[in-house]
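All of the numbers you see were taken from the coordinates with simple rules; none came from a lab. From a predicted model like this one, the values you see are computed outputs, not experimental measurements. Glycine also receives a Cβ, built like all others from the backbone with ideal geometry; neighbour counts cover every protein chain displayed.
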Amino acid sequence: MWEISANPGTGCYPAKPWLATALSGPAAGTIAAFTSQPFDTIKMYQQFFITGKKISIKQAAKEIIKKHGYKGFFTGASPRIARIISGVTIISNANEKITTYFNRFKK
């Protein structure tokens with residue numbers, strides 16, 4: 001998948017950039033969605049808390065743990081991960097195509 005450049009000091013470049021983009025986009029999207037999911041769950045809990053008064057991040061986290069356990073922080077993760085994966089993949093592919101297009105004019 002990677003080939004060493006013929007010019008020393010220039011590093012490695014992907015032999016198949018579309019494959020590198022196709023694999024790295026979903027990987028980056030999954031990591032981003034998975035690591036930010038607990039914070040998104042707390043934010044949503046704060047926004048839709050029934051009593052009408054504001055609650056702190058700490059109070060929201062305690063309520064989630066009390067009602068759903070630690071797994072409650074990842075409620076709704078699957079659709080969110082799918083959405084973020086598709087978005088990151090589209091943006092990565094668009095960036096690759098735009099960069100390739102404009103690099104033609106550098107010469």
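Packing order of peptides 26-32, 62-68, highest average first: 26-32, 62-68 (average count of other Cβ atoms within 10 Å over each peptide's residues). For Lys106, a cut-off of 18 angstrom between C-alpha atoms picks up these lysines, skipping any fewer than 8 places away in its own chain: Lys97.
Under the simplified labelling scheme, the Glu63-Phe49 pair shows an inter-label distance of 0.5 nm, with each label point 7 Å from Cα along Cα→Cβ.
Applying 0.36 nm per residue to the separation of Ile91 and Ala28 and subtracting their alpha-carbon distance, the gain on full extension is 21.5 nm.
Between Thr100 and Ser78, the FRET efficiency from the beta-carbon distance, with R0 = 35 Å, is close to 0.60.
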